[in-house]
1. Do you know which residues across the range 1-19 are under 19 Å from the mean Cα position of the chain (by Cα) and open to solvent by less than 60 Å² (accessible area, probe 1.4 Å)?
2. Being out of contact with any Ser or Thr (no Cβ under 8 Å at 6 or more places or on another chain), closer than 19 Å to Ser47 by Cβ and not in a helix (DSSP H, G or I) is the filter here, so list the residues in the range 70-107 that pass it.
3. Just need a number here: residues in the range 37-69 that are over 16 Å from Tyr15 (Cβ atoms), of a type outside the set (A, V, I, L, M, F, W, C) and crowded, with 17+ Cβ neighbours inside 10 Å.
4. Say we look at the range 70-87 and pick out the residues that are open to solvent by 60 Å² or more (accessible area, probe 1.4 Å) and hydrophobic (A, V, I, L, M, F, W, C); which of these is farthest from Glu17 (Cα to Cα)?
5. For residues in the range 103-162 being of a type in the set (Phe, Trp, Tyr) and under 15 Å from the mean Cα position of the chain (by Cα), which is nearest to Ser230 (Cα to Cα)?
6. If I ask for residues that are in contact with a Lys or Arg (Cβ under 9 Å, 6 or more places away or on another chain), surrounded by 13 or more Cβ atoms within 10 Å (Cβ to Cβ) and not aromatic (Phe, Trp, Tyr), which ones from the range 93-104 would you list?
7. Given Val22, Val34, which one is part of a strand (DSSP E or B), of a type outside the set (S, T, N, Q), surrounded by 18 or more Cβ atoms within 10 Å (Cβ to Cβ) and touching a Gly at 6+ places or on another chain (Cβ under 6 Å)?
Amino acid sequence: MLEKCEGIVIRSIDYGESNKIVTLFTREWGKVGVMARGAKKPNSRLSAVTQPFVYGYFLVQRSSGLGLLQQGDIISSMRGLKEDIFLTAYASYIVELTDKCTDEKKPNPFHFELLFQTLNYMNEEFDPEILVNIYELKMLNGLGLYPTLDRCVFCGATEGHFSFSIREGGLVCHQCLEKDLYHYKISQATVKLLRIFYYMDISRLGSISVKDTTKKELSMIIDAYYEEYSGLYLKSKKFIQSMKNLGDAFT
């Protein structure tokens, strides 16, 4: 039986001489794998629609295993993400994180909308580093991780100056700093953005400008938290870091 879905290509690998196995993240079914026969051929009607980051409608013959992709209609090719090596790297990380953090065939319309909005903003040239930070924070709940960002993890204080405790998984107020001597000292701008990015609806994201020092603090906290608790070690993340290191070497 043929069924139609709205989806985003998050992975595409060659299979045999002319086929591809494509992973779609769909609004209706969650993450599903489909076989795209002949998609490697340049003149195939499935060639364009099975490219990474493509957003569109897909007609699939579903089964208990891999479905069979019959046709697709592109809504957005996310072309901008493929024309800049840095955007390609950030977008690749977003979709790899999605792939690693989601189970097969578990619909999650909220997560689908989050993925689409993030890639679309990136395609429209919003700051990719900030978009990655927002996405990483919003993915934490799906990993069963719930950082405490609205109060001190020790005393519950909601006002004052805060640092971040990786060990305790959240903010620590200035009166409780001695309870974790290895806390990260961060600016209050970073504290504010951690809260905003974690709780806000990404569809409400407007123009945003963040200082480089604040960006570094955000990435430092999020990276350390992921390293401690997520168990994820993604190739795309390592590539982004290597690009940043190379950029720093020339500045």
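1. Answer for the range 1-19, where residues must be under 19 Å from the mean Cα position of the chain (by Cα) and open to solvent by less than 60 Å² (accessible area, probe 1.4 Å): Glu6, Gly7, Ile8, Val9, Ile10, Ser12.
2. Passing the criteria: Gln70, Gln71, Asp73, Ile74, Ile75, Ser76, Ser77, Met78, Glu83.
3. The qualifying residues number 2.
4. Among those that are open to solvent by 60 Å² or more (accessible area, probe 1.4 Å) and hydrophobic (A, V, I, L, M, F, W, C), it is Phe86.
5. Here the answer is Tyr135.
6. If the condition is that a residue be in contact with a Lys or Arg (Cβ under 9 Å, 6 or more places away or on another chain), surrounded by 13 or more Cβ atoms within 10 Å (Cβ to Cβ) and not aromatic (Phe, Trp, Tyr), then Val95, Glu96, Leu97, Thr98, Asp99, Thr102 are the ones that fit.
7. Exactly one residue qualifies, and that residue is Val34.
This table checks each residue for (1) charged (D, E, K, R); (2) within 15 Å of Asp127 (Cα to Cα).
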position	(1), (2)
Met200	no, no
Ser207	no, yes
Val210	no, yes
Lys215	yes, yes
Phe239	no, no
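The values are calculated or read from the model by the stated rules, or taken from the named source; none is laboratory data. All figures in this text were calculated on a predicted structure; none of them were measured in a lab. Neighbour counts run over all protein chains shown; Cβ positions are idealised from the backbone, glycine included. Just so you know, the surface numbers come from the protein's heavy atoms only, side chains and all, with ligands and any DNA or RNA stripped out. Shrake-Rupley method; radii C 1.70, N 1.55, O 1.52, S 1.80 Å.
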